[in-house]
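Rule-based calculations on the coordinates, nothing more; no lab input. This is a predicted model, so every value here is computed, not measured. Here the Cβ positions follow ideal geometry from the backbone for every residue, glycine too, while neighbour counts run over all protein chains shown.
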């Protein structure tokens, strides 16, 4: 008798099938009846920490002009095939403007996608499995939206309606707390074509992806708190890293932070204070009107977890000021 | 028994001074000074025997609390080595085995040296007679990997293994230093985690224990950081490999200048930041290397250009203020793994020369840098051993090169069977008069005197383990290369 497949084996198999199912979809017009499934998170778990100082096997462009964005945003590729970047891939019609640093399972991106359908957003994550999940998830969401659009354009066909219950079964095991409400039922503006995820170590390679003043928003949601004092150098927010965020953010651009660790919140406030003078804190009143803050509080996986555990959420948002006059 | 080897000069610097010009160098654990005119050895530091003149080291702080690895295997006393004390003390071997960084102020009055194992930045005043008087010693937390002095001779910029760049005043003020803000590693009186942020059983238990401990007693130990004035200017999340401090005129017409800090790291980045007070403003990046960067060279006659090199088998030439790559210059014919050990620039009359030495190579490559920034290859100089250091005496159209007399030429590991005869630690070349760049041996009396005086001896009987340690102290760039390993 053969023993049941090991956890790892099942995981690998599941992931392989999930990727294949999605990549096969666009060609098979006959398969409209079968609604694309979202990946299950339990097959993509990975320990919550990664050492930002070690040499991971990362792929990153030599310069921002060497980045192949076209494969990430096929819907935004410049129709002029002559427009290519330094490695010969097609250029986009617009630049990436929003970055989620440490995007995790991608709750923020998915939440923002419909809110800002014409803005290109990228999530950056250092953990391989988590990124695999998110990539599969985005592909699945795009495919679902595609199907939805098609079924709407041919209202005679009713094949997709009975499919709804199937998706309910597919939602992750934590389903009660993490609903995927809009996933298969609603049409989202932009159809999730404007979001993508990249594996990277932003502490090291941020300037390889983005030009000076390219970004309008940076999100840092529930960063690894690195509780021990001797690990503080590994925190994603520090005086020295803030300089890099300021480089990539355009004047007037915003940097959003949220954490459930009060000490870290004060750390953030301290490190964005006076000395750099490149950022100013955005007052609370303004934040209430900002939909992005709402998404950050409620839509991120970590945000939901904190709500579930009745923890506190500390939000701090900063605006990039103009560069100071030369001293 | 075979004759003993001589420690080669790891650093060599020509120091121009109003009275008599000097040569200073570091070899083994010592500093040496020579007359640039005659080659006569003037002084060494630390001094071997008790001689009370000079070298009045003032210990500014107690011995560092952290245990250090002393690669020579000796548990030396950790304090400095004030001369004129008991001979017993001054004969104890120093706490370091080599001095990897040595630089001098533009006035020639001060010399800054880094002693390796104790991570100590030492500032010396060079006396008229060439003796070293140590003014200060400042022990850094992390191993410094690049040290330069700003062009106004007032500030030391120190980049370290953790990627941070600090500024330190060259001459510390008289007032005792008071930390003005909480250092980064400030001790927390309370754990930052709460039962709202950690949830698993193990973590909760750990938290409980931490809370009990912190309520029992405030930690007595106060690692308050460095006990001298220092400012964190900027940081890379990578090992910092080189720094340059450059001033450029604001525009062609004005005489006003802007200062910049250029920093290079192990992760292929060259960052261009504003000068001291605004170093947090990043002006741009020079990206184009695909391996670590080890050397930045901004020629003093053409500060708008930057030549950079490292683990790639090419050099890159930049118009750095715009982050614009001008040229990629191949260093070797075929695709071999090389590392750039040094890049030096010198101007001899109309000739603008850039010298490049690869790690563990006895060939000194020469280029001319044209006014438009193109780098043209010129005939190389062949030396008797691996190139370690280089300094130019521009008024004499001369370069002095320190060579490795211990290892076989073009090897970083193999020791020679016997030391070369005559002993050669330094060689000199002069530009032949003419239009093209050609070299002839020069300043023979100076080099002969230095070579015959020698430095400290390395016994030919040195065991393999010590040999390897000595090799690694000179040829350590290989550690910067990334290894393809496991991941997840």
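At a Förster distance of 56 Å, what's the computed FRET efficiency of residue B:433 paired with residue B:177, Cβ-Cβ distance as r, to 0.05?
That gives a FRET efficiency of 0.55.
Set the Förster radius R0 to 35 Å, insert the Cβ-Cβ distance between residue B:448 and residue B:370 as r into 1/(1 + (r/R0)^6), and round the FRET efficiency to 0.05.
Using R0 = 35 Å, I get an efficiency of 0.45.
Would you mind calculating the gained length between residue A:45 and residue A:115 on full extension (0.36 nm times residue separation, minus the Cα-Cα distance), in nm to one decimal?
22.4 nm
At residue B:258 and residue A:281, where each label point lies 7 Å from the Cα along Cα→Cβ, what is the point-to-point distance in nanometres?
Inter-label distance under the simple model: 3.1 nm.
On average, how many beta carbons from a partner chain sit within 10 Å of the beta carbon of a residue in A:236-245?
So the per-residue partner count for this stretch is 5.
Tell me, what is the FRET efficiency for residue B:472 and residue A:288 to the nearest 0.05, using R0 = 51 angstrom and their Cβ-Cβ distance as r?
Once the sixth-power term is evaluated, E becomes 0.30.
Find how much the distance from residue B:290 to residue B:154 grows on full extension, using 0.36 nm per residue of separation minus their present alpha carbon separation; answer in nm with one decimal.
Value of the extension gain: 45.5 nm.
Using only atoms on other chains, find how many Cβ atoms lie within 10 Å of each Cβ of peptide A:202-214 and report the average.
What the average comes to for A:202-214 is 3.
Taking a ≥ b ≥ c as the square roots of the Cα gyration tensor eigenvalues, with a/c under 1.5 meaning rounded and otherwise prolate when a/b beats b/c, else oblate, which class fits the stretch B:334-409?
Judged from the Cα gyration tensor, the stretch B:334-409 comes out oblate (a/c at least 1.5, b/c at or above a/b).
Simple spin-label model, 7 Å along Cα-to-Cβ: residue A:213 to residue B:325 in nm?
Rounded to a tenth, the inter-label distance reads 2.4 nm.
Starting from the Cα of residue B:334, move 7 Å in the Cα-to-Cβ direction to define the label point; list residues of the stretch B:352-368 whose amide nitrogen is under 12 Å from there.
none
For the stretch B:339-478, count the residues as N, evaluate 2.2 N^0.38 Å, and divide the Cα radius of gyration by that value, please.
In units of the globular-protein estimate, the stretch B:339-478 measures up at 1.12.
Which order do peptides A:98-106, A:8-16, A:248-256, B:110-118 fall in by mean Cβ count within 10 Å, highest first?
Ranking the peptides A:98-106, A:8-16, A:248-256, B:110-118 by packing returns A:98-106, B:110-118, A:248-256, A:8-16.
Would you tell me the mean number of C-beta atoms belonging to other protein chains that fall within 10 Å of each C-beta in A:221-231, as a whole number?
3
Any chance you could list the semi-axes, whole Å, largest first, of the equivalent ellipsoid that the Cα gyration tensor gives for the stretch B:350-390, using √(5λ)?
22, 9, 8
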